[in-house]
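No value in this document is a laboratory result; all are computed from the given coordinates. Just so it is clear, the model here is predicted, and its values are computed rather than measured. Reconstructed Cβ throughout: ideal geometry from the backbone, glycine too, with neighbour counts over all protein chains shown.
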2 protein chains.
Amino acid sequence: MNQKGLTPGEVLSLLDNAGLKNTPYEKVLSAMCTKPHPIALKAHMQFIESNLGDSGLFTGTKELEEKVINIMGDLMGDSQACGYITTGGTESNIQAIRTARNLAKKKHPNIVVPVSAHFSFDKIADLLGIEIRKAGLDNQFRVDTDSVENLIDDNTIALVGIAGSTEFGQIDPIDRLARIALSNDLFLHIDAAFGGFVIPFLDKKYDFDFSIKGVSSITIDPHKMGLSTIPAGGLLFKEESYLFPLEIDTPYLTIRKQRSLAGTRSGAAVAAAYAVMMHLGREGYKRIVDRCIKMTDTIVDGVRECGVQPLIDPVMNIIALDVPDLDEVRKKLRAKGWFTSITRDPSAMRLVIMPHLSEEILELFISDITSEISTLS
Amino acid sequence: MNQKGLTPGEVLSLLDNAGLKNTPYEKVLSAMCTKPHPIALKAHMQFIESNLGDSGLFTGTKELEEKVINIMGDLMGDSQACGYITTGGTESNIQAIRTARNLAKKKHPNIVVPVSAHFSFDKIADLLGIEIRKAGLDNQFRVDTDSVENLIDDNTIALVGIAGSTEFGQIDPIDRLARIALSNDLFLHIDAAFGGFVIPFLDKKYDFDFSIKGVSSITIDPHKMGLSTIPAGGLLFKEESYLFPLEIDTPYLTIRKQRSLAGTRSGAAVAAAYAVMMHLGREGYKRIVDRCIKMTDTIVDGVRECGVQPLIDPVMNIIALDVPDLDEVRKKLRAKGWFTSITRDPSAMRLVIMPHLSEEILELFISDITSEISTLS
């Protein structure tokens, strides 16, 4: 650390230089985060001092958190759901599986997740000391429930279903998973980190949330398609009792117990989530999702013109494209400023069509990918 | 979720109402967080879109993180230290102990912590499935190293020392812990979440960091006495190899591996930490710590006038006061707007003298506590 500090002007100029090296979201087709809504930014700054780890000091922010949980519970089919705002999908998934583990009290616990589950479940395996069994997918990249059933044994403590898989944007057959969970007395966690703010606003209706009997917990992230600021993940439980195994005594705070994984917690992100949900309402989110789906269709129609097919008809605003010479094409697109991503199995080009994109920019993308593919040797 | 959204004005008015229920920091003597420095707020907003979970998109913010780690490494006695900005002290402590656990590969691992350790170690015990053994303290509330040695067995994987204990603001004899760790081939983690931005700036010098051979990792939080925004914890390792057991493959991001516990991570808090450290420098932090210590002395001198003694002469800006009729006095002070806290064993009034306080407000506090104590029946 320098002995003498720099002036504010000098510091701000260093920040400006660093900022120039960041990627503007304009040509990013690989991210599940996006620009937060302006009202989220405003709320974030207003509540920047709030620490929800010591919520007795910040009872106003704490009330906003309870309201956000109610709003998201209602969106997920149960306005009585309990939970809290986490640092993100990973903390939500950790805490859901931790509760399941602590309730089941098995010596060598395992959980069954789709092979399409987010890599946070690999962190969870290591962290919590549980075995992760990966179930295969059907030809539409939904979990194969026969495969799930075959992996369950006496040490299985939970099943996981995905509503909006990271790679394919696919929705597992949650109703069938729920029947399997109920008949085996298993905890059922739904990872809707991305899909939670998309699926309820699609024209086609899918059952994936607490409206299905047997669903125990849901991950749903305001800081992805909820258009809120980082860090705002959501963890919802069907029963308040699922929160009890997470409680730790907090002797010297204004509260007696803490249920979160993090201690100090951003109240700013909670206020931001509240603000954007109250401002947009269902109609506002529907408009945003409609626009993303329309842009998704634009891409799929555009690339079909040059002979490229999606692996499945997109369910939401995530596309997996069967692009020839994938690495080469991605490299050339990258040289033109485009950030694309991949799926693992099968290998394909993965695109996430977020609100920061526009029809104009996507026309440019289609033109660039078409020209790269047509010039492949 | 409402069908129709509210106007921005309506939302902002709801936020204002919630904000009024929060406690201004003015009379808070119980918190280890404080108002962030104005330059931290500015940097936070400028980098609010950055997600360090996908740092290939935000290479500028990633560079700031590396600089912050270098600055804090230098402050902690090793500018070559490695690490990352966590969500807070709890994540830092989890990840340090997780690495120790994964390196040791014991079937029934245990760690030895001072009984004064933060409650996050109780979370860690549950999360990581390790036994936490609590060593006793000496009469100055520093860990008793004989007690530590007696608790070590073949399954011990790590020792923890505290530099700035939550309750007493005390510093464990890290040099002696380091000798014990080295002779038993144990990982040694130092929790300086609070003390890391205090101890280097005290007039009296203490050895507690990487300058002592045998220290493996340090928790040091910018969002406490570092005056940065939430969420900014710090985790530093002596060797880069300590990060490897934390790595998870990240197939669809702009990076290949992730070492953090959280996935999506606030780049805003990292930029804020960088800005405030560059702006204050050692001299700036020294001024702030000097002022907090002077206020600490004011309190101790003031309450001594009415016969109240501190349990120990304060080492830093944390005071434990032997107040008669503690619950009653705290309740009456609370009615006058004061937030105080407690220590567990022995039970005492705990005060944290943070930069948001002032001599004027503390004179008022001394006058209030004096009058409450003198009127005790």
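Before moving on, here are some points about what is shown:
- Hydrodynamic radius by Kirkwood, which averages 1/r over all alpha carbon pairs of the stretch B:1-92, in angstrom: 17.2
- Shortest-first nm distances, residue B:16 label point to equivalent points in other copies (7 Å, Cα→Cβ): 3.4
- Label distances, nm, residue B:249 versus same residue in remaining copies, Cβ-directed 7 Å point: 4.4
- Inter-copy spacing of residue A:129 label points, which lie 7 Å from Cα along Cα→Cβ, given in nm from shortest upward: 0.5
- Taken about its Cα centre, chain B carries a charge dipole of roughly 800 debye when the Cβ of each Lys and Arg holds +1 and the Cβ of each Asp and Glu holds -1.
- Pairs of Cα atoms nearer than 8 Å and 6+ residues apart set the relative contact order; for chain B it is 23 percent.
- For the protein assembly as shown, the dipole from Cβ point charges (+1 on Lys and Arg, -1 on Asp and Glu) about the Cα centre works out to 280 debye, to the nearest 20.
- Each semi-axis of the equivalent ellipsoid for the stretch B:141-298 is √(5λ) with λ an eigenvalue of the Cα gyration tensor; in descending order they amount to 27, 26, 12 Å.
- By the equivalent-ellipsoid construction on the alpha carbon gyration tensor, the stretch B:225-277 comes out with semi-axes of 24, 15, 8 Å, ordered largest to smallest.
- At full extension, residue A:328 and residue A:26 could sit 106.5 nm farther apart than now, given 0.36 nm per residue minus the alpha carbon distance.
- The Cα-based radius of gyration of the stretch B:260-302, divided by its Kirkwood radius, gives an Rg/Rh of 1.25.
- FRET efficiency for the residue A:106 to residue B:115 pair, using the beta carbon distance and R₀ = 25 Å, is estimated at 0.20.
- Projecting the Cα atoms of A:188, A:219, A:376 onto the charge dipole of the protein assembly as shown (Cβ charges, centred on the Cα centre) puts A:376 farthest toward the positive pole.
- Sorted largest first, extent of the stretch B:49-184 alpha carbons per principal axis (Å): 50, 33, 28
- For residue B:371 and residue B:150, the FRET efficiency from 1/(1 + (r/R0)^6), where r spans their Cβ atoms and R0 equals 60 Å, is about 0.80.
- Placing a label point 7 Å from the Cα of residue B:359 along the Cα-to-Cβ line, the residues of the stretch B:267-300 whose backbone N sits under 18 Å from it are B:287-300.
- Equivalent ellipsoid semi-axes - Cα gyration tensor, the protein assembly as shown, angstrom: 44, 28, 26
- Extending 7 Å from Cα along the Cβ direction at residue B:204 and again at residue B:13 yields two label points whose distance is 5.6 nm.
- When the convex hull of its Cα atoms is viewed from all sides, chain A shows a mean projected area of 21.6 nm².
- Chain A: DSSP helices with Cα axial extent of at least 30 Å and average Kyte-Doolittle hydropathy no lower than -1.0: A:267-304
- Whole-angstrom gap from the stretch B:99-154 to the stretch B:51-68, using each part's C-alpha centre: 33
- Taking all Cα pairs closer than 8 Å and separated by 6 or more residues, the relative contact order of the stretch A:81-214 comes to 22 percent.
- For the stretch A:177-228, projected area of the alpha-carbon convex hull averaged over all directions, nm²: 3.6
- Among A:229, A:59, A:34, residue whose mean-square fluctuation peaks in a GNM of chain A (springs only between Cα atoms under 10 Å): A:59
- Most mobile of A:252, A:206, A:274 in a GNM of chain A (Cα contacts under 10 Å): A:252
- Positive minus negative residues near residue A:34 (Lys, Arg vs Asp, Glu; Cβ under 11 Å): +1
- Most mobile of A:20, A:236, A:127 in a GNM of chain A (Cα contacts under 10 Å): A:20
- The protein assembly as shown - mean residue ellipticity at 222 nm from DSSP helices (-39,500 (n - 2.57) per run, n ≥ 4, rounded to 500): -12500 deg cm²/dmol
- Amide H contacts of residue B:234 (H built 1.01 Å from N, in plane; Pro and chain starts excluded): B:86, B:220, B:221 sit under 5 Å, all sequence-distant by 5 or more or on other chains.
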